[in-house]
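The values are calculated or read from the model by the stated rules, or taken from the named source; none is laboratory data. Note that the coordinates shown come from a computational prediction; the quantities given were computed from them, not determined experimentally. For neighbour counting, all protein chains shown are included, and Cβ atoms are generated from backbone atoms with ideal geometry for every residue, glycine included. Just so you know, the surface numbers come from the protein's heavy atoms only, side chains and all, with ligands and any DNA or RNA stripped out. Shrake-Rupley method; radii C 1.70, N 1.55, O 1.52, S 1.80 Å.
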Amino acid sequence: MTTTVRLRAPRRTKDGARLPSLLKLLIVTQFAFNVGFFAVLPFLAEHLGDAVGMAGWLVGFVLGLRTFSQQGLFVVGGALADRHGVRPVVLAGCALRVAGFVWLGYAQQTWTVVAAVLLTGFAAALFSPAVESEAARQAVLHEEAGGGSRTRALALFTVAGQAGAFIGPLLGALLLEVDFRTVCLAGAGVFVLVLAGHARLLPRHLPGRARVRVRGGMRPLLRNRRFLALCCAYGAYLLAYNQLYLALPAEVERAAGSQAPLAWLFALSSLLVVTAQLPVTRWAGERIGPRRSMAAGLLLIAAGFAVVAAALPAGRTGTAGLLPAAGFVVLLTLGQMLALPAARAWVPDLAEEGRLGLYTGALSSVSGLIVLLGSAATGALLDTGLPAAVPWLALAALPAAAVLLLPRRT
């Protein structure tokens, strides 16, 4: 009987028709979050450099600070979600994101920009770990009920996020014809709609969620070497992915003379995930485990950086000059499709009972610290006047080395 149910599970999970209503809501939530977020973020570096007049190292530091205030504080949002539930944490995070985007649209001085960026990051540190940990919890419950692999359910979560990341930059590029403030206000408007929708639709008492009293605070987590190893490897992935907003815009500016093609490269990345994520996840689930999936993803990302490094000495511009950047985006996206669902599906097996929010947040907090340090270093490296291929070679080495950090047993 059990075998028959599992044989039917892939069809259920593939089209999402049998997913629980709460899991569907969380998937739609991820889509909406990314529409509002990616309408603003791809154009932030250019705004900081041109309109605000920040130096390259400071732009890199502010972008890293945004990631750290978001990813680095995920552990706070995750712990709050464990203690108080998902609904209040998500609603508070959405309200802060609205305030942060409005402030960012009007900020002109360095300190006000930094404060607005910190507020937008902290907002996501509240709602994202709450939604991600609950999506993982519901995916595990769905799997245990015979509804299909948790990795496939979380792949749908990733697809929804990338669909939002596909629409967001196109919306932002369209509104940027007015000005950056309009882009920020539009992003805030998206989160106003998310806030209103979740105030109405998100249940106060979530199915399958039971409060478990645990002792020891952070100590058991800090002693969990396998989990910390996963955090470090995931941090290398996130630092590499963050170069879509730092190294890639600089390369596009060099090759095309403007950042106009940037929105289309972001769209290419999102379109690849939307169309190929589920087939890639199905293939990885059938042939390789979580560790090999993450290792293959990290190596593909390293190859993406190496492609640009190899092409830069030729100094090509125009359409030909953009081809290595497009190759980087494709390889980075393929690596992401392998690594991200595997990491998310791995965390519930490493977390303590009742602390999934904390562990989900800690995964992003450790990686956020890595991004903060690495982004400042990358921004400085891009400004040093060294041969253009050097930063890209250094970035290629990081995800390749991270393969050695992955836990040996799943």
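Here are the numbers for the structure shown:
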| quantity | calculated |
| --- | --- |
| Unmet requirement for LEU65, which otherwise passes all of (1) surrounded by fewer than 23 Cβ atoms within 10 Å (Cβ to Cβ); (2) at pLDDT 80 or above; (3) not aromatic (Phe, Trp, Tyr) | (2) |
| Qualifying residues in segment 251-291 (those that are modelled with pLDDT of 85 or more and small (Gly, Ala, Ser)) - the one nearest to the chain's Cα centre (by Cα) | ALA276 |
| Matching entry among ALA310, ALA325, ALA320, ALA314 (being aliphatic (A, V, I, L, M) and either within 24 Å of PHE31 (Cα to Cα) or surrounded by 17 or more Cβ atoms within 10 Å (Cβ to Cβ) (or both)) | ALA325 |
| Test: residue in segment 103-115 that is within 17 Å of the chain's Cα centre (by Cα) and closer than 24 Å to GLY187 by Cα | no |
| Some residue of segment 70-84 being without any contact (Cβ under 8 Å) to a residue 60 or more places away in the chain, touching a Gly at 6+ places or on another chain (Cβ under 8 Å) and surrounded by 23 or more Cβ atoms within 10 Å (Cβ to Cβ) | no |
| Those residues of segment 200-227 which are within 23 Å of PHE127 (Cα to Cα) and at pLDDT 85 or above, in sequence order | PHE227 |
| Filter result (of a type outside the set (Gly, Ala, Ser) and out of contact with any helix residue (DSSP H, G or I) (no Cβ under 7 Å at 6 or more places or on another chain)) within segment 45-75 | ASP50, LEU58 |
| Single unsatisfied condition, GLU177 versus (1) part of a helix (DSSP H, G or I); (2) at pLDDT 80 or above | (1) |
| Residue that is nearest to HIS84 (Cα to Cα) [pool: residues in segment 106-142 that are open to solvent by 40 Å² or more (accessible area, probe 1.4 Å) and in contact (Cβ under 8 Å) with a residue 60 or more places away in the chain] | ARG137 |
| Enumeration of residues in segment 331-350 that are closer than 11 Å to PHE227 by Cβ and crowded, with 24+ Cβ neighbours inside 10 Å | TRP346 |
| Test: VAL90 is open to solvent by less than 10 Å² (accessible area, probe 1.4 Å) and touching a residue at least 12 places away in the same chain (Cβ under 8 Å) | yes |
| Any hit, segment 367-377, residues being under 16 Å from the mean Cα position of the chain (by Cα) and open to solvent by 30 Å² or more (accessible area, probe 1.4 Å) | yes |
| Residues of segment 323-348 satisfying the condition of being closer than 13 Å to PHE305 by Cβ, among the aliphatic types (A, V, I, L, M) and without any contact (Cβ under 8 Å) to a residue 60 or more places away in the chain | LEU331 |
| Test: residue in segment 18-25 that is closer than 19 Å to ALA125 by Cα and modelled with pLDDT of 75 or more | no |
| Search result, residues across segment 149-161 that are open to solvent by 10 Å² or more (accessible area, probe 1.4 Å) and either outside any helix (DSSP H, G or I) or not basic (Lys, Arg) (or both) | SER149, THR151, LEU156, VAL159, ALA160 |
